[in-house]
Amino acid sequence: MSLSERLQPVVTNQSKILFSSATGQDSISFSNTVVTPVLSPMLSLTKSTDKTSVSLGETLVYTLTALNGGNVPALVTAVDPLPQGVSFIANSVIRDGVPLPGIVPGSGIPLGSIAPGGRVTVAFQAIVVSLPQALELRNQALGQYTFRTPEGRLVHGELTSNEAVVSLLSYQLYTRLHASTSTTFIGDAVTYTLLLRNEGSLAMGGVTAVIPVPEGAEFIPGSVIARGIYSPGASPQGGIRLGTLGAGSSAEITFRVRVAAEPPGSLLTTAAQIVYEVCNATQFTESNSVQVRVIVPGVTVSLKVNYPAAAPGETLRYEFTVWNSGNQAVEAVLLGAVPAGTLFVWDSVRVNGAQLKGIRPAEGIPLGTLRPAVATSIVLEAVIPESADVRQLPAVQNQGSVQYTFSLPDGRSVQEADLSNPVTTLLFSPIIDIRMTGEPPIIEPGSIAIFNIYVHNSGNYPAHVNVARIVPVGSMIDPDRVTVSAVTVPEAASRGTVPLGTVAPEQSVHLQYHVRINPDFLGTSLQGSSTAIYTFEIDGRRFSGETLSNTYKLIIEEISE
């Protein structure tokens, strides 16, 4: 057969006549040859599946392939009613890679016009929803086609595909693991629930579930509940036994874990492994994987102070830096920002440089919303009272905290707190006490009076001390009889002030001097007090103070004639 004959099949016809002549001789006579071309599609329809055996709940992909080996195009529709036990997945029909939304196989899938030598492939999905008694899925597709002859006649035809057979497993274990929340936080308790359902026709024995506790979580002992019964000694890692699970029956397992640390990727991930026996054969299956996101806001607070050492009366400047290193925005408030023993400087609070007027730190400093990866600066001032006694308050310690709240997608609100580092300012100050005596208590004009001044530093810091106003009115000091701790200080009182030098903590200095009462003194007494004037320096900052002594009184007795 020539190529043109294969491409254009024909039907050839020729008649012949047998006859006998008058002489009795038989003869044959042939008619002319009539050639009729054959014009027709030659269609085939093949059906296949992606699996040869399935179980309940699994998905099957059916594929139909139509070929036209004829010489005339044909308009083809494939009708594929699905067998009992499966359900078509809507909008899953694809023809040559192009989706056909709304098409249902049982109502017909338009394959379009298939040209001679052409091919069309259609695929769709179905899910196994029940187990028929025969435990088989059998079906074949029907192809309906039409074509026109050269004379214009419309010809209809049908063809069937091969039969597709898929065997069904007689047992099927449905598993589903889920957590009580999709998001959690460190310290939270999460409940896991595993649902098991025997959707097959055979009983399953020795059902045991092993559920690894995800990294970052700790199992809470005594939290296992299997089939509604507490199992205090059971653990998900060691396996939770359920025994026999009859056909069509179900069982549930719950247990709890505590989130102890941030897991890798901030996700708690686990899946259940179930082992069971059917027909004396051990089977294994695994549940879906469950992921729970752990939110770790990562709010930290650091603190620094301007003076590590200070004196009463100085102003301390505190700077808090709050850093949100997590991926969750939080609402925050700063607490405990002003240390005990100090006085808050009104309206000194600044957040990121902006002054917050009227803020009372004792009630908390609102920081608003702290965005992830953003630092917030809080500055405030506090004064050390001048009356602070370093013997009772040797240091000012401060340690604030940030209390913050964030919301989980499941609607829960979580409140946590973070302490700053502690900072300490040591308090240093001399405490100068001065006591003064004069004798004799009764004295005549022109006589000598002896004065003793005792200066003591009961503080914790040295000071340079001068004593002033030591000479009573109506008298004159003897500059050669001035001693400081038994050491003569010549001309020390010529300026009206006696320098005692540096007086160390817990050191005492004794100043003694003589004065002569003016002979013409007309008063009835000498009385007064002296003053200790002191200075000291801390880290380059200079301070000064004064302390008034007690009051002395000497009675002046008139000279008898």
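Placing a pseudo-label 7 Å from each Cα along the Cα-to-Cβ vector at Ala247 and Glu546 gives an inter-label distance of 11.0 nm.
In the chain, helices alone account for a calculated mean residue ellipticity at 222 nm of 0 deg cm²/dmol, with every DSSP H run of four or more residues adding -39,500 (n - 2.57).
Dividing the mean sequence gap of close Cα pairs (under 8 Å, 6+ apart) by how many residues the chain holds gives a relative contact order of 8 percent. In plain terms, the chain from Val155 to Gln397 could stretch by 76.9 nm, reckoned as 0.36 nm per residue minus the Cα-Cα distance.
Looking at region 112-190, the GluC sites (Glu not before Pro) that sit in a DSSP loop and have at most 13 other Cβ atoms within 10 Å of their own Cβ are Glu151, Glu163. Modelled this way, with points 7 Å down the Cα-to-C-beta line, the labels at Thr524 and Ser44 are 14.8 nm from one another.
Length gained on full extension, Thr535 to Ser413: 38.2 nm, using 0.36 nm per residue less the C-alpha separation.
What's the FRET efficiency of Ala329 with Ser377 using the Cβ-Cβ distance as r and R₀ = 25 Å, to the nearest 0.05? So the FRET efficiency works out to roughly 0.90. Seen through its C-alpha gyration tensor, with square-root eigenvalues sorted a ≥ b ≥ c, the chain comes out prolate because a/c lies at 1.5 or above while a/b is bigger than b/c. Which of the trypsin sites (Lys or Arg not before Pro) found in region 152-217 are in a DSSP loop and have at most 13 neighbouring Cβ atoms, other than their own, within 10 Å? The qualifying sites are Arg153. Only Cα pairs under 8 Å and 6+ residues apart enter the sum, and on that basis the relative contact order of region 61-151 stands at 45 percent. Find which of Leu554, Asn452, Val275 sits farthest along the positive direction of the dipole of the chain, computed with +1 on the beta-carbon of Lys and Arg, -1 on that of Asp and Glu, about the Cα centre. Result: Val275.
Once C-alpha pairs closer than 8 Å and six or more residues apart are averaged by separation and normalised to the residue number of region 228-357, the relative contact order reads 14 percent.
Using R₀ = 22 Å, calculate the FRET efficiency as 1/(1 + (r/R₀)^6) where r is the Cβ-Cβ separation of Leu426 and Thr315; round to 0.05.
0.90
Label-to-label distance, Ala115 versus Tyr230, with points set 7 angstrom from Cα along the beta-carbon direction: 7.7 nm. Per-peptide packing, taken as the mean over residues of other Cβ atoms within 10 Å, places 218-226, 478-486 in the sequence 218-226, 478-486 from highest down. In this calculation the C-beta distance from Thr191 to Leu142 is compared with R0 = 45 Å, giving a FRET efficiency of 0.30. Under the combined filter of DSSP loop state and at most 13 neighbouring Cβ atoms within 10 Å, region 317-423 retains these trypsin sites (Lys or Arg not before Pro): Lys357, Arg391, Arg412. Paramagnetic label reach from Gln237 (point 7 Å along Cα→Cβ; backbone nitrogen cut-off under 17 Å): within region 276-306, no residues.
The numbers here are math on the coordinates, done by the rules we state, and not lab data. Model, not experiment: these values are computed from the prediction. Neighbour counts run over all protein chains shown; Cβ positions are idealised from the backbone, glycine included.
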